[in-house]
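See below for the structure under consideration.
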Amino acid sequence: MPEPVKAASRSELAPGGKKLLDVDGRAIALFRVNDDTYYAIDDVCTHDGGPLAEGDLEGVEIECPRHGARFDVRTGKVLRFPAIEPVAVHEVELRGDDVYIRIQD
Ligand code: FES
């Protein structure tokens, strides 16, 4: 199992905030959806590769800026066409003031 990687400090993202990360060449989008809840998913839309961290985050839904597909950042599940396949979700761990993610295959 891969080691967790520091992704951000907790104060770095405001509630509703996003951060794009590069973890060993893999683009990861980190979201803070409310006061102290963070989620991480691949930054690549499963429809046609759109950059999800550049989309609008509403609650736990991220909208792909390219063609408007929506995903649940908690589960990666598709909520709106044209995407069909879910996006990969990565484990998030809070350690003191830091946010760590563990990349899942
Ligand atoms: S690339 Fe994301 S909806 Fe098309």
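The values are calculated or read from the model by the stated rules, or taken from the named source; none is laboratory data. Small disclaimer: the values here were computed from a predicted structure and weren't measured. Ideal geometry is used to build each Cβ from the backbone, glycine not excepted, and the neighbour counts take in all protein chains shown. All accessible areas refer to the heavy atoms of the entire protein, side chains included, with ligands and DNA or RNA removed. Shrake-Rupley method; radii C 1.70, N 1.55, O 1.52, S 1.80 Å.
Can you tell me how many residues in the stretch 35-56 are buried (at least 16 other Cβ atoms within 10 Å of the Cβ) and more than 20 Å from VAL23 (Cβ to Cβ)? Residues flagged as buried (at least 16 other Cβ atoms within 10 Å of the Cβ) and more than 20 Å from VAL23 (Cβ to Cβ) within the stretch 35-56 amount to 1. In the set (1) open to solvent by less than 10 Å² (accessible area, probe 1.4 Å); (2) at pLDDT below 95, PHE71 fails one condition alone, (2). So which residues in the stretch 61-105 are farther than 24 Å from ASP24 by Cβ and in a loop (DSSP other than H, G, I, E, B), if there are any at all? Result: PRO65, ARG66, HIS67, GLY68, ALA69, LYS77, PHE81, PRO82, ALA83, ILE84.
Of all the numbered requirements in (1) within 16 Å of the ligand (Cβ to nearest atom); (2) open to solvent by 10 Å² or more (accessible area, probe 1.4 Å); (3) within 10 Å of the chain's Cα centre (by Cα); (4) not β-branched (Val, Ile, Thr), GLY76 misses one, and that requirement is (2).
For the stretch 1-52, a residue qualifies if it is polar (S, T, N, Q) and not in a strand (DSSP E or B), and the qualifying residues are SER11, THR46. Pairs linking a residue in the stretch 31-59 that is under 19 Å from SER11 (Cβ atoms) and charged (D, E, K, R) to a residue that is part of a strand (DSSP E or B) and open to solvent by less than 50 Å² (accessible area, probe 1.4 Å), with Cβ atoms under 6 Å and 6 or more positions apart or on different chains, are ARG32/TYR38. Taking residues in the stretch 84-105 that are under 19 Å from ASP22 (Cβ atoms) and at pLDDT 95 or above, and partners anywhere that are buried (at least 16 other Cβ atoms within 10 Å of the Cβ) and of a type in the set (S, T, N, Q), the pairs with Cβ atoms closer than 8 Å and at least 6 places apart or on different chains are VAL87/THR46.
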